[in-house]
1. Here are the criteria: (1) hydrophobic (A, V, I, L, M, F, W, C); (2) touching a Cys at 6+ places or on another chain (Cβ under 8 Å); (3) touching a residue at least 60 places away in the same chain (Cβ under 8 Å). Tell me which single one residue A:30 does not satisfy.
2. Only residues that are closer than 24 Å to residue B:17 by Cα and either in a loop (DSSP other than H, G, I, E, B) or touching an Asp or Glu at 6+ places or on another chain (Cβ under 6 Å) (or both): list them for the range B:58-77, please.
3. Would you point out the residue of the range A:26-37, among those that are aromatic (Phe, Trp, Tyr) and within 11 Å of another protein chain (Cβ to nearest Cβ), that is farthest from residue A:74 (Cα to Cα)?
4. Please work out which one of (1) within 14 Å of another protein chain (Cβ to nearest Cβ); (2) surrounded by 14 or more Cβ atoms within 10 Å (Cβ to Cβ) is the condition residue A:40 fails and give its number.
5. Identify, please: which residue in the range B:20-47 is surrounded by fewer than 19 Cβ atoms within 10 Å (Cβ to Cβ) and within 26 Å of residue A:110 (Cα to Cα) and is, among those, farthest from the other protein chains (Cβ to nearest Cβ)?
6. Residue pairs, Cβ under 6 Å, 6 or more apart or interchain, first in the range A:52-74 and within 17 Å of residue B:102 (Cβ to Cβ) and in contact (Cβ under 8 Å) with a residue 24 or more places away in the chain, second among the polar types (S, T, N, Q) and in a strand (DSSP E or B). List them.
7. Taking the range B:58-115 as the region of interest, how many residues are on the phi < 0 side of the Ramachandran plot and among the acidic types (Asp, Glu)?
8. Can we say residue A:79 is away from every other protein chain (no Cβ under 14 Å), farther than 22 Å from residue B:105 by Cβ and aliphatic (A, V, I, L, M)?
Amino acid sequence: GAVVSQHPSRVICKSGTSVKIECRSLDFQATTMFWYRQFPKQSLMLMATSNEGSKATYEQGVEKDKFLINHASLTLSTLTVTSAHPEDSSFYICSARDGSIPQFTQYFGPGTRLTVL
Amino acid sequence: AQTVTQSQPEMSVQEAETVTLSCTYDTSENNYYLFWYKQPPSRQMILVIRQEAYKQQNATENRFSVNFQKAAKSFSLKISDSQLGDTAMYFCAFTSNFGNEKLTFGTGTRLTIIP
């Protein structure tokens, strides 16, 4: 149980284009999903928290107009990187929290490696 | 604000030996949760073990156990009978009822199991 998928696993795009990353909880309902960014050899940096049916809460310094988050259902959240630039190249990881379990555990997707040329 | 500190950037140990990874944290809250996550070269974050602060008993999961010292705000991970598959980055993390359930991560410890 507690499986989170992420798609695509890798994406290469040209500068100025937009990229959408999907995060799905496969066997549980995710009341809350989280989006992280991880640079090489560093820890995870939280970008935003999304709750189903409401607007995402962004961390300080994260541009909400650049990183659009939609949590349309209890099993799907999407992150869209708009007008991507080379500095947006990174490893993006989502996680989901099972609302039926009170222990606040987050389960992580396998990540998406974004390369912007 | 909560902080999580992992003071060992890298560790290595012979296969089958026991290794302990250290983690300290700082919080003013009384009710919270602590986690150890493993990130192997595939970069998939995997939950290793979880501890609830109100439980005095240390959590164990097969070869993995923790030493939770609430007063000292210490949460170390012990890996017994280490295996090659244990080679990974290990992150200690904290969350609580407050702060929108956000996870605060430490900087990680890179563990290498030597055959």
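1. Failed condition: (2).
2. Our first condition is that a residue be closer than 24 Å to residue B:17 by Cα; within the range B:58-77, this holds for B:58-69, B:74-77.
Within the range B:58-77, B:58, B:59, B:62, B:63 meet the criteria.
3. Initial filter on the range A:26-37 (aromatic (Phe, Trp, Tyr)): A:28, A:34-36.
Those left that are additionally within 11 Å of another protein chain (Cβ to nearest Cβ): A:34, A:36.
Values: A:34: 13, A:36: 19 Å.
Residue satisfying both the conditions and the ranking: A:36.
4. For residue A:40, the failing item is (2).
5. My answer is B:22.
6. That search, which allows pairs on different chains as well, returns A:69/A:50; A:71/A:50; A:71/A:77.
7. Of the residues in that region, 2 qualify.
8. Working: away from every other protein chain (no Cβ under 14 Å): yes; farther than 22 Å from residue B:105 by Cβ: no; aliphatic (A, V, I, L, M): yes.
So residue A:79 does not fit the description; no.
Read-outs: derived from the displayed coordinates by stated rules, not from any lab. Because the structure is a prediction, the values reported are computed rather than measured. Reconstructed Cβ throughout: ideal geometry from the backbone, glycine too, with neighbour counts over all protein chains shown.
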